[in-house]
Structures are given as C-alpha cells and as structure tokens.
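Written out below as structure tokens is the structure these notes cover.
The values are calculated or read from the model by the stated rules, or taken from the named source; none is laboratory data. Bear in mind that the values here come from a model prediction, so they are computed numbers and not experimental data. Cβ atoms come from the backbone with ideal geometry, glycine included; neighbour counts cover every protein chain shown.
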Amino acid sequence: MDQQDTKPHRWGMAIDLDRCTGCEACVAACHAENNLPLSTPDSAAKGRAFHWIRIDRYYEGAFPDIKVKFMPVLCQQCDEAPCEPVCPVYATYHNAEGLNVQVYNRCVGTRYCANNCPYSVRFFNWFEPVWPEPLTLQLNPDVFVRPVGVMEKCTFCSQRIKRAELEAKQESRSLRDGEVQPACVQSCPAEAMVFGDLNDPASRVSRLAQSGRATRFMEDLGTQPKVFYLKRGE
Amino acid sequence: MATVAEIPDPRVRTELWRPLSRAGSRYWIAVTLCAVIVAAGLAAWGYQIAKGLGIAGYRRPVFWAFYEADFVFWIGISHAGTLISAILRLTHAGWRKPVTRAAEAITVFALMIGAILPLIHLGRVWLFYWLIPYPNTRLLWPNFRSPLLWDLTAIFTYLIASSLYLYLPLIPDLAQLATRSRGWQRNLYRLLALKWVGSDRQWHALERAMKLMAAIVLAIAVSVHTVVAWDFAMAIVPMWHSTIFGPYFVVGAIFSGIAALVIVMASLRRFLHLESYLRPLHFDNLGKLLLLMSLLWIYFTVAEHLTIWYGKQPAEYSVFESRIYGDFAPYFWSMVILNFVVPFMLLSIRRLRSIRTVTICAVTVLIGMWIERFLIVVNALSRPRLASAWGAYSPTWVEITITAASFVTMTLLYLLFARLFPVIAVWEYEDVAHG
Amino acid sequence: MERRSFFKIIGTASGGMLTGACGNKARQIIPLLVPEREIITGAEEWHPSVCRECGAGCGTIVRVMEAERKTRQGNENVRERIAAIKKIEGNPLDPVSGGRLCARGQAAVQALYHPDRIRGPLKRVGARGEGRFEPVTWDSALEIAASAVKKAVDKDPARIVFLTRPEASNRSAAVASFLRALGAPPASTTGLCDFEIERQAAEVVFGWRGLPVYEIQDADYVLSLGADFLGGWVSPVFYARRFGHMRRGRPGRRGQLTHAESRFSITGSSADRWLPVRPGGELALALAVGYVLVTGNLALANVAAGLRNGFASVDFERAVKISGLPAEQLRQVARDLGRSESPVVMAGASVVQSNSLDAVIAASALNLLLGRIGSKGGVIPPVEASIAEFADSRAHTVNLLRRLESAELVMLDSANPVYAQPASAKLLARAPAIVSFSAFIDDSSAYADLILPDHASLESAAVVVPDVTPDRALTGAQPFVHPLYDTRATEQVLAELSKILGRALKIDTPEDAFRKLFAGNKSDWSDAGEFAKYCNRQGGWWTESSRSAHASPRFELPQLREAEFQGGAAEFPLNFVPYPALQFGDGSGAHLPWLQELPDPASSAMWGLPVEIDPKTASRIGLKNGQMVRMISPSGQIEAPAYVHPAAIPGVVSMAIGQGHTHYGRYASEQGANPLTIAAPLTDPQTGAFAFGATRVRIEKLSQQDRLVQFSAVDREPELHRR
Amino acid sequence: MLLTAEFLTADSTVQAVSALRAEGFSANDIELFSYRPLELPEGMLERRSHISLAAVLGALVSGTLTTAFIFFTQHNYPLVTGGMPLVSGWATGVVSFELIMAGAVAGVVLAFLREGRLLRRDGAPPPALKDDSAFLRIECPQESVPRVVRCFEVAGAQDIVEETETE
C-alpha cells in the first residue's frame, strides 16, 4: 500500500510577474474550462462580462519612460477571506483544503461578498446564461452552469483537483507535485504560473512562495491570500 | 394638588373623527392613482424576478445600488415616529401629543417598505427563507456573523416593537370608535379594541407599558439604524469601513425622520383641516429639532470626510476625490445644500421660521438624505480598492419604478390609515387640551 | 470492433524547458473516431491534434466527452448523444507548444461549435458581397465548381488565383498538386501574418530556407527589432515559453529584453527597455546599432569585410534622426549587445513597412556582426523540413491586387482577401468566378459564387510542418469527432474536382505522411504501419536533428533609407500603424466570442477595438476614451472610438486588426472598423508583401461618444490630487 | 354587591374615591371607568404594576434562549467551514441584543394585557361610557352598601346602580 495523504492539501499558486507577458491565454483557458457565461457587446458595456481571471494593467510613467504592469488577478483564495463572514447563508466558505468555495446552490444573491472582496474577483449572474446552439456542446460537464441570481468566482479549478484526487485514490497513491493544474496554469505559455500544495514544503509553489521575490496582493489587509506574486526583476 | 382633567369636549372628537366617516371623490382618485403606481412597482419587481436582476442597472462593481439606498432611506424614515415620539414621551414634552401617532404610523409603514426592499434586492428572492434558522435536512443554516442577519433580527424586532408601540395607545380610541361605527368597521374596531373598557387599571397599565415601551423602542431604534450602518461599516470597502457610521446613520435617520414627519403633518393639516390641532407651535418645535439635526448631520459629515481627506489613504481618498471633486461631486454638493445650507438659512432665523419654510426644509432634507444614502452605497462601490475594477452605475426604469413605488406606497398606506384610524390620539389630545 | 481505449497525457509541471520526453502515463492507441455508443458519461478522453489558427502549428491535445446535441429534424426536436470537444490544450510532447497554448488556439473549439457555421454547400443568390446564399447538394455544387475550373483552365490556367492559409501541410500539398495538375500558378496568401519578409530575409542574409530559430532561452541579451514575438509574431507560444525561461528559468541569470517597435506591444510591455522607433525607422535603427558595433570594436573581428564596411559607412547622424530615438540610447543598446555574453537580435516585421525587408535584413545581419549564428543563445537555422513536399508547397505572398486584377477564377481556402486588403473587394466583385472553401460566410466568401464548406479544423485530418521548431517536426491530427454538418474536407473536394476534370490527385492523410517519414528516416520502428500508429498516438513526430550552423551570407547591406508613406505630412500629420491583434491575428479570429470578449492587452477593450492615440495628440484634438474619431487617409476613412494610450508614440496612432468584418458570423459582422480599409496600397517591392504600415492619416473628432467597451476602464493607478 | 355610580366632573369622582378610601375600602375593590385617563392624587388608588418586572423577565428569557439557540445549534451543526469559527462573540452579541429587546417588548405587552385585564370576558359588563362622565364601581359586601351609597351621594353621584354579582 502506498502512502496515503495524511495532511490535508493547502492549494496555492505562484505567479511570476517576470515571466508573465500579458498574453491572456489564461483568460481564454478559464472560459473554456469553467463554462463562463458569454458576454455580448451590450452586456459587456454594462459591466456584466465574466472573467474569473483577468490581466490588470497599469501604466506607469509617461512616454518614453513608460512601463506597464501586467498582473493576472484571480480569486486569491484568502485564508482570512473577507467574502466569507458576510454571507448570510454560508454560500461562501472555506473547505478542508483551504479553498474559498462558492456553493452555488446555497447562494441567495445578496452580493455582499462581491462588495467585500478587495480584489474584485467575484461575478454575479444577472441573467440566466445562454449559449446559442450548438455552442452548448462545448460546456464542461464537470462544471456547474450557474443559474441566474448566483455569485460565482474562480475555484482554482476544483473539478480538476477532484479528478486528480480521485485518480490518485484509485491508484492508492498521493498526488504528485504538479499533477493538478488549474486551466490557467496549464495554459500559460511563459510558464509564469505554478500551482501546488503549500503544505508540502518540497512543492514548487512552496519553494517559490518562500523566495525573496514573493509578495501577496494587498497583504496589509490581513486577508492571507494563497496566491503569491513574484516581483519583476531588473 | 390633584390635577384632574375636565370632562372631554365632544367637539374635539367630532373634528378628529370626521375623516373616518367621510371620503370624497378626491380621496378615492388619490387612492386609485397610488394603487396603480404601487402595482406598477410590483409588476416591475415581478418582471425582475422573471428575467433576473440584470434588467436593473446593477453591474460589477456596483453590486448594491438603488434598492439598498432605498432600504437605508426608508429605515431612516422609520425613525421618525418611534424615536421622536419616544424621546418626547420620555422627556414629557407636552406638545408631542398631536404629533406622536402621525409619527408612529410613519415608522410602521416605512419599516414595512424598508423590510421589503432587501427582498427586492436579492438575486434569488424565492429562497429568502434560507436566511431564517429553521431545522432542515439540506444543511442550510444562516451565518450569524453576517451583518445581513443582524439586520434581519434588528428589523424584525423593530417592526414588532414599533407596531405595538403604535397599536397600544390606539386601543382606547378603537374602543370608542367601536361604539360609534357600523358594519365591518365596527367589527374591525371591536376586534382590535381587545375589550378595552376604560377602567383606571387599564389606563394605568397602558401608561406604564408605554413608558417602558418608549425606553425599549428607543434602544431598538438606535440599534436598528446602527446595525443598518454596520451593513456597510463592517465591510472593508473604502469609505464604508468607518467607526462613526453607526451614530452618523442614526443622526441621519432621525434627521430624515423628522423631515418626513413634518411633511406628513403639513399634509394632514391641509387635507384633514386639522389647523387647530397641528398648530404653528408644533411646526416651530419640529423646525428647531430639524435645525438641530441638520447641525449634527453636518458635524458628522465633516468629521467623516475630514479624516479621509487628511489621512489620504489611497483607496479611501479615491472615493473621497470622486465625491468631492469628481463624478459624484454634483450629488455631494447638492446634498450639502439641501441638507444643511437651506435648512440652516431658513430655520436658524426665527423670523423666517414658519409652517411653510419648515415644510420646504423638510422636503429638501428628504431629497438630500436620499442622495446621501445613494452616495454612500453607490459612490463607494464604484471605486473599489483596485482601480482596474472601477465602474459607473446608472439605473434603469426598473429601479426607478420600484423606488417611485416605494414612495407612493407610503402615501397609499397613509391615505388608508388616515381613513381608518384617528391620526391624532383623541384621548391623549383631550387630555392635553383640557388638562 | 476494437476495444475503446484511452489516450491521456498528464500535464506535467516541467521545471525545465522543452518537455520533450517527460514521463507519461502509458499511452494507448487512439481510436480514429469515437463511436458514439461507446462514450461513457463523465469519462474524458484526450486526443492529440494540431492547432491551425495560425501557421505556428502547435501540437495540441483535445478533451472529448459525451454531450447532448439538440437538433430539429422537420418538426421534431431530436436529442442525440455525441462525442463533443470540450477543451483544447497544448500537447506536452510537442516541442512547439510544450503543453501550452495561446488564447486563439484555445478558442478554436468555438469555431467548431459556432452557431453560424455553414451547414452545407451554398450557391450565391444575392449580389456579390451581399452574403445571400441558397443550399445546394454536393453533387451539383461540385459540378458547378468543376465547370468553373474547366472554363478558367480553358481560357488561361495562369489566371487562376488560389488563396490559401500560410502553412506547410497536407492541405498546402494538396492545393499545390491540384494547381499543378491544372497548370495554374502556385497558391498564394493574402499577405497578412505570413512572415514572407522574414523568410526572404533569412534566405538573403543566412542562405537559409525557412524561419530562423532564435535561442532566446539561452540568451543574456535579446534585442527584438520589430518582432512582436509575444503577441503573435511567427510562433507566440514557442517564443513565450523561451522568453519565460530566459527570464527566470536559469537561477541567477536573468536575460534582458530590449524591444524596438513603433507601438507598445505586449512584447514592448514585457521588455526591460522599449525603444519607441518611428514607423519605418527599424532599418535606420539596425544600421545605427551596427555602426556603433563596428566602429566601437564591439563586433567580431572576423566579420566579412563587405558587411563591416557596409555598417561602418552608415550615416549615423541621419540614421539616428530617422529612427527617432536618442543617439545615446542607440549607443547604449549597441554597447549592451556587444558586451553581453550571449546576445541575439530577433529580426521581424510584425507591421510591414515599405522598407521592411531591408530592415529585417539589416537587423539579421547584426547577428553576423556579433557572431551569433549557430551558437548557444544565438540564432540557429531552421531544421530541414520533415516532409519537403509540404514545405515546398507553402503558399507565398504575391502582389495580391495585381494577381486579382486579371483573375479568371478565384479560389479561397481560409483566406479572406477582402478583409486583408479591402481594395481587393472591387476586383473580386468583377472576377468571373469565385469558389470558396470557407467554413463561414466571411467578407470574401460573401463574394463567392459557390461555397464548398470545409470541415472545422477539429473535424479534419491534418498534418502540419510547424513554422518554427527546434527539432524536425511533423504534427498531425486525426478526426475524432464526426463532422457536425454536411461539410467536406477541402483536400477531398479538390480530389473530387480533379476526378471530375479527369485528373487524378493524390491526397496525403496523416497516416500517409507518417509512412513517408518512416521511409525517409532510419528509425527504431520495424515497420511503417507501427510507426504511423505511434505518431498518430502521440500527435506527431519530433526528433532532434543535426543542422548546419553555417550561414552563407550572400548579400549587400541595404542602404539607409526612409520608409515610403502615402499621404503628405502636412495634410496627414499622423503615422498610422494597424497591427495584427493578439486575439484575432490577421482578423481570422474575430468570429469567436471568447476572443471578442478577451480584453485587449493595451486598451482592455472587448467586443471592439479602438484607435490608440497618444495623450498629447489626444488632448490637442480634445479626445477622451470612447470619443468617436474619423481617421482619414488618402485611401479612405474609418470611424472608431478613441483610446488614449499612455504609451503611444506621439504622432503615431495605431489600431489592432480584427474588427470591421462585413460578414463573419453573428459575433464579428458589422462590429467596429477594419483599419486596413484606409491602409495605403503600397507593397514591399521585392516580396510584394502588403506594406500595411505605410499610411499617414489625420484625425477628426466626431461629436458622438460611441461605446468603447472596456473591462478595465482605468489604466493607471489613481493619481491622487492632494488638494 | 357591585355598586356603580356616575359622576359628571372629575373633582366629584376624586372626592368619591377619597371618601371610599377613608371609609376603609380597599383600592383593589374600586374601579374607575372613563373615556380618558383620570389622574388621581398620589396613593389614592395605588395600582401595583409588574410590567417592568415582566420586561426584565422577557428580556432574560429571550436572551438566554437566543444565546443558547445560536450557540448550541451552531456547535451541533455539521457545517464544514474549513476552520472558520461558527460562533463569534461579537456577532452573537448583536443578534442577542435585538432578540433580548424583542423579549422585553413581549414581556411588556403580555404584562399589559394581563394587568389591564384586557381580552377578558368574566365579571360584570362594564358601564356604558358616556362622553361627559366617569363611572365609579365598587365591589363590596351587602352590609357596606349604605356606606358606599352615602359616599357616592356626598360626592355628587348622578345615578347609582346596584347589582348582584352574577358569578
């Protein structure tokens, strides 16, 4: 019998801003994986477009000494998530693996969590999502299609975690580092994103999180995010 | 020693009860008009439930907007009655007597409206009962850490307490009315009179109960609006996360409550011909109160904004800047004019203080306070911490209809109330008029 | 029936670079098609495929699962269980994608399930360009097509114009042999994103056929000159992976990137230094840097005298002036290049100017000065094509308008000349016959007399020789889902046409291609069938191959000259730079909703692309974001919303290519403006490539404030006015 | 015996009450009926009230129940929260405060109903109140009737009704 996981996983991510090119492959990957509702020009203009992961861009300086800061922003899966205590029905809560989970079925749509998220990564289903046929054929059966009135956000591709864990269980082994990859991490051409178990000190993400370049986004708020950003170098 | 009142003057009763027996065609036209608008509001809500909240102007990042502003506004208005009448009752302010019931009725109606608005705002209103702790097999349980649940309990308590607070002193009047009316009204009054016989035991119990209720309701009212303020202040949204939001909201609530009361009184005086009961004295006193609250309000407003300006924390300052100099500046400055400049100029000069000016100020204050609620909700949300998520909100016909309907609901409820119940406590009034 | 079996590749987090032979789970034979009755609900299968959204030829793996297809047959709603494609990822075995994939590649699944795909052959009923068609049967469609071909052949086969995509594949081979059989000239491309300039320059400078491979992953200093290699140039996934490695893949060593381009592309954004060169000033920049290298003794000693003298005789002052950059900055770049241990210069023309070929030649020559040919972290020759026949059949750029002028028959295969060069619309309108193989009614197909729709690429068998690859490569795709509609693979249609015309045409399937490879190579495999099976299963064949690190330069250094522009500077004060958008490429990705809603990296625009104007010019005209402007060039005018781009070069306005399709499905039709509409009809004289950057414009502010839909409207962190 | 007398002025009512009290009748047996509250001199008809006690009791009961309810149900509720505590003192405090207040209100109202003898059907029917008079009713044994009547008449009662208790 192989060794079984004794300690729960604590999933985390490291994003190397020195590698990130801002190419948005992760954004497309997320749409493809997670059945994000399609926007239309109208809905996008009204601020109803969905991007669980987005590339924030901030220009700094003026021509010709100008820089742009690209930063992929997704749910930071905070350990002390501000979205959690405000939900009156426990629709957003922490699961055993430290993921900040949104239970779509339980959500009544107060949208308080979205207000209280300092990273603005939560999206609300203002309407029932529709896909013109036959685009529905693409929908990922592993991922719930969220109905109207429900909040949603990045899940760290929990369906992929689940699949990998089940597979490992079937084979009576523990998960290997890098075996689970959310869609964004998987797609990143510059390999700027690394996903893994923060409870495993040998995992790549743990080592990157320890590196001197690692910072967390708005750490001063005390949210204890599990996404680590590695600063750009010179 | 013994101060015993004179035997009542039947004229008072006749005058105060006149509206209950007579309703002209103008009344019914008004009721119909109001009912139509309220129905339109309900239809808009129904349409929103069918289609989704998206037909309103809501968007990321402004996840709360009109409905929440309306909610805070109406909960604020609800402080008209209970709080004002309780304060006056506890301080034995004799002039309160013709004012209290009018005020308490505002409370109950405003609370009813206010309590519905959170439902309108829900994404899945058909599941609202999931906020209530009840045994179930679906692992549903409300989160008592959420300020929304505090809200739920606070409003529940307040609605019950203020309804009873309105109802208890109404009982003697109902008992009298029961003897003097016919048909369904007689049955209604008799049912509601709870077999009141007018014994001194009952009068004594009523007096004791009302004194206690005044104290309790005062505590509840303060806590309710504090909890409403905490809906915002508990969140780490820049310009929401403020320690003075509790008292600031309470002050604003009393402020708008008095304004609403003045408007209601002015209307009652005009339409029910109660000139000899709602006298300039009452308006003058309420005008002074309004002025006091206006000063308190500007004090809190300055205190709130000055610290932000001086501290210049980027996230908060972004909101501040858009409010003072930016997109929201027109709203902010008109709010200051409506809530402070106009009332201060008209009310602080004694010569200018009249029923007309007090009423004008009340109207400006109501508008100003609605803008304040709108600013607090929308302005802060449209400037979240991350500039990349900033966005502008504009309402659609849905929110506008529902908001309009909320105001008309108040009118409608008042129209019906004034038709069914004496808006001035006859027994109390007699007491003071001849005591 | 063969037992259904799984193919699955676990994405491995590769610490290093090329994850060529990472540990995979045991792979079994892929079934060519998954029989629907054998699909298991909830079970996933991964099939290898090849991405054909651009010419890079990334190997992919495709996730297939059960889905329910709803159709209407007569008056009945029919639901059937089919195998459907859920997701596309990079194939970890493939040296190009390395298991990664760009946004366009991932969105390709929407082209398969696009609601506006053509469902069967169509015959035009409306006027040319109107886009009204009626369905016909394949038999009659083939007949009509055959007679059109016959008519053209009878008249003059040289006047058959076949436009196809810029790739080397079984498709290009089929097209080539079809045309050869007719005696028609070879197929050509529409001239956008086909990198013809770079190919010719490599031939001239190094004597290489194909695109050079830049080993930036091992470089310490990269100067990329006009090559937006992270934003879509040549092989974006390939180079992004190498870029990542250059930056942080080598502990303690971080490569520097200096990027010269006349707009702030994402390559410029990711660079350590961006050199905002004037449009058309790339040649001057390359020559000036070379001049400093040569005169500052930073170049190799043993450089050919001609080259050395060529650079030494550059008029440095004038070159600096043309480039629009400070002289000191150019000197610094040259010093950095010269002093770096392993520098490399990437030469490209993401935006083609009238002097782009010279610019790419001069920039490539800098690698000769630095002695970076074939060395680690330098530039290495393209590998020998795995199948020469495919490589040889690649379509090249021609002077499109001139060709169309006299066209007797135009055939369109995934080519959209009306969009790429809008001036071709009126030529198409009067072409005697047009046959399209497009899967969508696009701008050009709207002119076609007949549409013989191709399968979506995920439904067809294909085998592609990638554009740029470190190893010899052949990447293939088997069809593993049934075609949704009554479409036919274009190779097959061409064969059928040939048959009707009485000529035989041999079409290579991936199987054939791999068998051919086996024949041409010694390998461990005992028989060709087993080998082909193996290739099919892993999605292709890649092998290390030796290459000669030798360059045989046979060229003269181009003379310093300014680029040509249409429009006088007085009347048209601004340079106009239309550029291939990251999300849409040459515009062919615009019909996919995921790409439409992908926020543009520069402006965050969704569902539309703005004109990017620098803040100074914008404030002079009084523009704010979203203000509609009219851009007027000597060739025409377009209207688009403005985006005040903080990093735009003053006097240079740019606009991404991709919107403004007249026809291209519901998501792209009549959406925004096509910047190429106003591009000057200038071409690079040697290659015939469309110099779409050679335009000058003026801008007029329009009164209306149209919609600029941005996901993030704020592009700077708030500057607080501390009042 | 129940004796009910009608008085036309407040003063005469007070006079009657004080006379009765001087005669040694218990405040418990005397009851006044009027359309409006009549203020009697301090201690003349002291009515002991337990309404404040009821308020405190109501508050205590509801406070205990609420806190226990929140605490126990949350502790026994099998909800996974990944370490987030289900009970937090501050939040429970806010909710408890509101429900304590609700309990106090309930206590007040229930005590009011009880002390005011509202909703009761027992006893003799109350006098039919008139606009311009107050009624004084006293429950007394048969032998005291003349004393009561005298007190009434001295104070100026209009009309004295004598009835035997029905139950």
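Among the listed residues D:Leu136, D:Leu118, identify the single one that is at pLDDT 75 or above and in contact with a strand residue (DSSP E or B) (Cβ under 7 Å, 6 or more places away or on another chain). Quick ask: steps written out before the conclusion?
On the way: D:Leu118 fails: in contact with a strand residue (DSSP E or B) (Cβ under 7 Å, 6 or more places away or on another chain).
Just a single option satisfies the conditions, and that option is D:Leu136.
Scanning region C:194-229 for residues that are polar (S, T, N, Q) and surrounded by fewer than 24 Cβ atoms within 10 Å (Cβ to Cβ), which turns out nearest to C:Ala286 (Cα to Cα)?
Initially, region C:194-229 is screened for residues polar (S, T, N, Q), giving C:200, C:217, C:224.
Filter again for surrounded by fewer than 24 Cβ atoms within 10 Å (Cβ to Cβ), leaving C:200, C:217.
Values: C:Gln200: 17, C:Gln217: 22 Å.
Residue satisfying both the conditions and the ranking: C:Gln200.
Filtering region B:157-198 down to residues that are facing chain D (nearest Cβ under 7 Å) and in a helix (DSSP H, G or I), which residue is surrounded by the fewest Cβ atoms within 10 Å (Cβ to Cβ)?
My answer is B:Ile160.
I need a count of the residues in region C:403-424 that are over 20 Å from the mean Cα position of the chain (by Cα) and either surrounded by 24 or more Cβ atoms within 10 Å (Cβ to Cβ) or touching a residue at least 40 places away in the same chain (Cβ under 8 Å) (or both). Give the derivation first.
Start the filter on region C:403-424 by keeping residues that are over 20 Å from the mean Cα position of the chain (by Cα), which leaves C:403-411, C:423-424.
Then drop every residue that is not either surrounded by 24 or more Cβ atoms within 10 Å (Cβ to Cβ) or touching a residue at least 40 places away in the same chain (Cβ under 8 Å) (or both), which leaves C:403-404, C:406-411, C:423-424.
So the answer is 10.
State all residues of region D:20-39 that are more than 7 Å from chain B (Cβ to nearest Cβ), of a type outside the set (Gly, Ala, Ser) and without any contact (Cβ under 8 Å) to a residue 60 or more places away in the chain; if no residue qualifies, say none. Give the steps one after another, and end with the answer.
Residues of region D:20-39 that are more than 7 Å from chain B (Cβ to nearest Cβ), as a first pass: D:20-30.
Now restrict to residues that are of a type outside the set (Gly, Ala, Ser): D:20-21, D:23, D:25, D:28-30.
Once the filter is applied, which keeps residues that are more than 7 Å from chain B (Cβ to nearest Cβ), of a type outside the set (Gly, Ala, Ser) and without any contact (Cβ under 8 Å) to a residue 60 or more places away in the chain, region D:20-39 yields D:Arg21, D:Asn28.
Go through C:Val161, C:Val204 for me and flag whichever is in contact (Cβ under 8 Å) with a residue 40 or more places away in the chain, of a type in the set (Val, Ile, Thr), outside the structural domain of C:Phe243 (by TED's automatic domain parsing) and not in a helix (DSSP H, G or I).
Only one candidate qualifies: C:Val161.
Tell me which residues, restricted to region B:345-363, are at pLDDT 95 or above and touching a Pro at 6+ places or on another chain (Cβ under 7 Å).
B:Cys361
Looking at region C:600-617, can you tell me whether even one residue there is away from chain A (no Cβ under 14 Å), outside any strand (DSSP E or B) and of a type in the set (D, E, K, R)? Even if it seems obvious, please write down each step before you answer.
Taking region C:600-617 as the starting set, the residues that turn out to be away from chain A (no Cβ under 14 Å) are C:611.
Filter once more, so that each one left must be outside any strand (DSSP E or B): none.
Taking every residue of region C:600-617 in turn, none turns out to be away from chain A (no Cβ under 14 Å), outside any strand (DSSP E or B) and of a type in the set (D, E, K, R).
Within region C:519-566, which residues are of a type outside the set (S, T, N, Q), surrounded by 20 or more Cβ atoms within 10 Å (Cβ to Cβ) and over 30 Å from C:Ala312 (Cβ atoms)?
Listed by number, the residues that qualify are C:Phe531, C:Ala532, C:Cys535, C:Gly539, C:Gly540, C:Trp541, C:Trp542.
With the condition being under 18 Å from the mean Cα position of the chain (by Cα), touching a residue at least 24 places away in the same chain (Cβ under 8 Å) and buried (at least 20 other Cβ atoms within 10 Å of the Cβ), I'd like the helices (runs of 4 or more DSSP H) fully within region B:1-104 carrying at least 3 qualifying residues. Show your work before the answer.
Values: elements: B:10-21, B:25-51, B:66-77, B:81-90.
In region B:1-104, B:66-77, B:81-90 are the helices (runs of 4 or more DSSP H) which contain 3 or more residues that are under 18 Å from the mean Cα position of the chain (by Cα), touching a residue at least 24 places away in the same chain (Cβ under 8 Å) and buried (at least 20 other Cβ atoms within 10 Å of the Cβ).
When C:Gly232 is evaluated against the numbered criteria (1) at pLDDT below 95; (2) in a helix (DSSP H, G or I), which criterion, by number, is the only one it fails?
Unmet condition: (2).
So which of B:Ala209, B:Ala205 ends up being crowded, with 22+ Cβ neighbours inside 10 Å, free of Cβ contacts under 8 Å to residues at least 12 places away in the same chain and either under 30 Å from D:Pro127 (Cβ atoms) or β-branched (Val, Ile, Thr) (or both)? So that I can check it myself, show each step before the final result.
Details: B:Ala209 fails: free of Cβ contacts under 8 Å to residues at least 12 places away in the same chain.
Residue meeting the stated conditions: B:Ala205.
Of the residues C:Val222, C:Val237, only one is among the aliphatic types (A, V, I, L, M) and more than 11 Å from chain A (Cβ to nearest Cβ); which?
Step by step, each of C:Val222, C:Val237 is checked, and only C:Val222 is among the aliphatic types (A, V, I, L, M) and more than 11 Å from chain A (Cβ to nearest Cβ).
Looking only at region C:370-402, how many residues end up being in a helix (DSSP H, G or I) and surrounded by fewer than 24 Cβ atoms within 10 Å (Cβ to Cβ)?
Step one: filter region C:370-402 for residues in a helix (DSSP H, G or I), giving C:370, C:388-392, C:400-402.
Filter again for surrounded by fewer than 24 Cβ atoms within 10 Å (Cβ to Cβ), leaving C:388-389, C:391-392, C:401-402.
Going through region C:370-402 one residue at a time, the tally reaches 6.
Can you name the number of the only condition in (1) at the interface with chain A (Cβ under 9 Å from one of its Cβ atoms); (2) free of Cβ contacts under 8 Å to residues at least 24 places away in the same chain that C:Ile82 fails?
Going through (1) at the interface with chain A (Cβ under 9 Å from one of its Cβ atoms); (2) free of Cβ contacts under 8 Å to residues at least 24 places away in the same chain one by one, C:Ile82 breaks only (2).
Look at region A:187-227 and say how many of its residues are farther than 30 Å from C:Pro95 by Cβ, in contact (Cβ under 8 Å) with a residue 60 or more places away in the chain and either more than 14 Å from chain C (Cβ to nearest Cβ) or assigned to a strand (DSSP E or B) (or both).
12
Being under 22 Å from A:Phe70 (Cβ atoms) and either touching a strand residue (DSSP E or B) at 6+ places or on another chain (Cβ under 7 Å) or surrounded by 23 or more Cβ atoms within 10 Å (Cβ to Cβ) (or both) is the requirement here; does C:Ser340 meet it? Write out each step before concluding.
Numbers: under 22 Å from A:Phe70 (Cβ atoms): no; either touching a strand residue (DSSP E or B) at 6+ places or on another chain (Cβ under 7 Å) or surrounded by 23 or more Cβ atoms within 10 Å (Cβ to Cβ) (or both): yes.
Here the answer is no, as C:Ser340 does not meet what is asked.
Among what's in region C:670-723 and is among the polar types (S, T, N, Q) and buried (at least 19 other Cβ atoms within 10 Å of the Cβ), pick the residue that is nearest to the other protein chains (Cβ to nearest Cβ).
Kept after step one, since they are among the polar types (S, T, N, Q), are these residues of region C:670-723: C:671, C:674, C:677, C:683, C:686-687, C:695, C:703-705, C:710, C:712.
Okay, now just the ones that are also buried (at least 19 other Cβ atoms within 10 Å of the Cβ), so C:671, C:674, C:677, C:683, C:687, C:695, C:710, C:712.
Values: C:Gln671: 7, C:Asn674: 17, C:Thr677: 20, C:Thr683: 30, C:Thr687: 28, C:Thr695: 21, C:Gln710: 9, C:Ser712: 4 Å.
By that ranking, first place goes to C:Ser712.
Assess whether C:Leu122 counts as being crowded, with 21+ Cβ neighbours inside 10 Å, more than 12 Å from chain A (Cβ to nearest Cβ) and modelled with pLDDT of 90 or more.
Numbers: crowded, with 21+ Cβ neighbours inside 10 Å: yes; more than 12 Å from chain A (Cβ to nearest Cβ): yes; modelled with pLDDT of 90 or more: yes.
Here the answer is yes, as C:Leu122 does meet what is asked.
Could we say that A:Leu74 is more than 8 Å from every other protein chain (Cβ to nearest Cβ), touching a residue at least 40 places away in the same chain (Cβ under 8 Å) and within 20 Å of the chain's Cα centre (by Cα) here? First the steps, then the outcome.
Details: more than 8 Å from every other protein chain (Cβ to nearest Cβ): yes; touching a residue at least 40 places away in the same chain (Cβ under 8 Å): yes; within 20 Å of the chain's Cα centre (by Cα): yes.
Taking the combined requirement at face value, the residue satisfies it.
For region C:681-722, enumerate the residues that are more than 30 Å from A:Ser39 (Cα to Cα), part of a loop (DSSP other than H, G, I, E, B) and at pLDDT 90 or above. Walk me through how you get there before you give the answer.
Step one: list which residues in region C:681-722 are more than 30 Å from A:Ser39 (Cα to Cα), which gives C:681-700, C:719-722.
Next, from what is left, pick out any that are part of a loop (DSSP other than H, G, I, E, B): C:681-682, C:684-689, C:691-694, C:719-722.
Of everything in region C:681-722, those that are more than 30 Å from A:Ser39 (Cα to Cα), part of a loop (DSSP other than H, G, I, E, B) and at pLDDT 90 or above turn out to be C:Ala691, C:Phe692, C:Gly693, C:Ala694.
Among the residues of region A:22-71, which ones are assigned to a helix (DSSP H, G or I), free of Cβ contacts under 8 Å to residues at least 24 places away in the same chain and either buried (at least 22 other Cβ atoms within 10 Å of the Cβ) or more than 11 Å from chain B (Cβ to nearest Cβ) (or both)?
A:His31, A:Pro41, A:Ala44
Just to be sure before I move on: is C:Ser635 among the hydroxyl-bearing types (Ser, Thr, Tyr) and at pLDDT 95 or above in the structure I sent? Don't jump to the end; show me each part of the working.
On the way: among the hydroxyl-bearing types (Ser, Thr, Tyr): yes; at pLDDT 95 or above: no.
Against the criterion (among the hydroxyl-bearing types (Ser, Thr, Tyr) and at pLDDT 95 or above), C:Ser635 does not qualify.
Restricting to region C:176-193, count the residues that are crowded, with 20+ Cβ neighbours inside 10 Å and not in a loop (DSSP other than H, G, I, E, B).
So in region C:176-193, the residues crowded, with 20+ Cβ neighbours inside 10 Å come out as C:176-179, C:182, C:184, C:187-193.
Those still in the list that are not in a loop (DSSP other than H, G, I, E, B) too: C:176-179, C:182, C:188-189.
Residues meeting the conditions: 7.
What number of residues within region C:125-147 satisfy the criterion of being under 24 Å from C:Lys499 (Cα atoms), of a type outside the set (A, V, I, L, M, F, W, C) and touching a strand residue (DSSP E or B) at 6+ places or on another chain (Cβ under 7 Å)? Quick ask: steps written out before the conclusion?
At the first step, the residues of region C:125-147 found to be under 24 Å from C:Lys499 (Cα atoms) are C:135-147.
Subset that is of a type outside the set (A, V, I, L, M, F, W, C): C:135, C:137, C:139-140, C:143, C:147.
Filter again for touching a strand residue (DSSP E or B) at 6+ places or on another chain (Cβ under 7 Å), leaving C:135.
Matching residues across region C:125-147 total 1.
Hey, does region C:241-259 have a residue that's at pLDDT 90 or above, in a helix (DSSP H, G or I) and touching a His at 6+ places or on another chain (Cβ under 8 Å)?
The answer is no; no qualifying residue exists.
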